[in-house]
Amino acid sequence: MSTIKLYDDQPYGKEFQAEVLSCDPVKKDGRDAFAVVLDQTLFFPEEGGQSPDTGKLGAADVFYVSIDKNQVITHYTDRALETGSRVKGVIDWPQRFSNMQNHTGEHILSGLIHKYYGYNNVGFHLSPDIVTMDMDGVISPEGLKKIEQEANRAVYENVEVICSYPEKEVLAALDYRSKIQIDGPVRLVEVKGYDLCACCAPHVARAGEIGLIKILKAENYKGGIRLTIASGSRALSAVQDVWDAAQETAKELSVKPEEIAPAVKKVQDDVFALKGRLADFQIQAVRRRAEEVPEGQKNAWFFEEELDTKAQRDFVNLLVEKCSGYAGVFVGSDEGGYKYIIGSSDQDSRIPNQVLRESFKARGGGKPEMVQGSVSAAKADILTALSRQ
Ligand SMILES: [Zn+2]
């Protein structure tokens, strides 16, 4: 027998009384739990992309709620309830109200996108952490901004939100958004002047209760667009978080929050220029050090803490010209390991590379003229190993 859905016409109900029809021990998400069926409930189950209500049934915690195709709602609890007994149910109201704000916010956005672009909502996810909605078409950032502004106008206008089960004939004449073909009675949710959609979830009674609707992110998804959105207190929290971060960043950059983007661009340009200058200095420095190596020296092994790859390669090339054996430059530290390049004008550089591989499980390879790789070992041990070859 289907469970009476008290949340259908009492979306603001927080407590209820019900009879326990059955209570069976089950495993749920790897934990021992009880599956409780009541004659009626305020707990909205996981349905239509929305995560379920949580709360209490008597002394038991309700941590998950499901609905089956026969419209039987099952509450998963952490302790048993006596079959046949009356039990008091209390839902987690702040979480439920937030879901109502966010779900109604989604309807308004989907309705407006459908109106202006003709796109359909093809995916919806609402949980305590995130709300996403997928539309089967792409919208520009400017377009989204307009949709967001108009969605918030519905909030200022405080328009009515009406849930109903229209008669078949009435329904047939109505143009409403619907994701799936629904058997049995269809529940319509109308946001006056903004949207009409088939939906089973609890909604706020007036749009003003949503407070704020904010699109947080838009990304291309399966040929359409996925929007991450937030409404009500979640939207306010999101705006506060980003605003705090913007204030902090602006302070660091000594600019106004709205000037962050050009200021960051300038910092990036400065860093780029400094990196170029640093590279020039490094190349000059390795040139001087290579000059100090006596002509005709057999091998030359250098260990450097910091050197970019270009300077490292230049260094090896300069040393190769002077040395009759191998020239190797190791960059890094004993603790963090070294990146190495080894070259030679007339020897096979793969030989010292092989020594490093065998002695220290180094990873690297290359041609006889030059090899490169990385090794986790101490400088002294590396030098000992290389001197043995
Ligand atoms: Zn809905």
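The values are calculated or read from the model by the stated rules, or taken from the named source; none is laboratory data. The structure presented is a predicted model; accordingly, all values stated were derived computationally and were not measured. We place every Cβ from the backbone using ideal geometry, glycine too, and count neighbours over all the protein chains shown.
Quick look at the values:
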| quantity | calculated |
| --- | --- |
| Positions within segment 23-54 being outside any loop (DSSP other than H, G, I, E, B), in contact with a Ser or Thr (Cβ under 7 Å, 6 or more places away or on another chain) and either more than 13 Å from R79 (Cα to Cα) or in the same structural domain as V122 (by TED's automatic domain parsing) (or both), in sequence order | V37, L38, Q40, T41 |
| Options V186, V155: the member that is within 16 Å of the ligand (Cβ to nearest atom), surrounded by 16 or more Cβ atoms within 10 Å (Cβ to Cβ) and not acidic (D, E) | V186 |
| Matching option when the condition is among the hydrophobic types (A, V, I, L, M, F, W, C), surrounded by 19 or more Cβ atoms within 10 Å (Cβ to Cβ) and more than 16 Å from the ligand (Cβ to nearest atom), among F124, F34, F44, F63 | F34 |
| Every residue from segment 81-100 that is polar (S, T, N, Q) and away from the ligand (no atom under 16 Å from the Cβ) | T83, S85, Q95 |
| Subset of segment 349-389 (residues that are of a type in the set (D, E) and in contact with a strand residue (DSSP E or B) (Cβ under 9 Å, 6 or more places away or on another chain)) | E369 |
| Options A300, A290: the member that is closer than 25 Å to K275 by Cβ and either in contact with a Leu (Cβ under 7 Å, 6 or more places away or on another chain) or exposed (fewer than 15 other Cβ atoms within 10 Å of the Cβ) (or both) | A290 |
| Condition broken by D78, with the remaining ones in (1) outside the structural domain of C197 (by TED's automatic domain parsing); (2) within 16 Å of the ligand (Cβ to nearest atom); (3) surrounded by fewer than 21 Cβ atoms within 10 Å (Cβ to Cβ) satisfied | (2) |
| Scan of segment 101-121 for residues that are away from the ligand (no atom under 11 Å from the Cβ), under 22 Å from the mean Cα position of the chain (by Cα) and not polar (S, T, N, Q), ordered by number | L109 |
| Leading residue by the ranking (nearest to the chain's Cα centre (by Cα)) among those in segment 135-145 that are part of a helix (DSSP H, G or I) and surrounded by 14 or more Cβ atoms within 10 Å (Cβ to Cβ) | L144 |
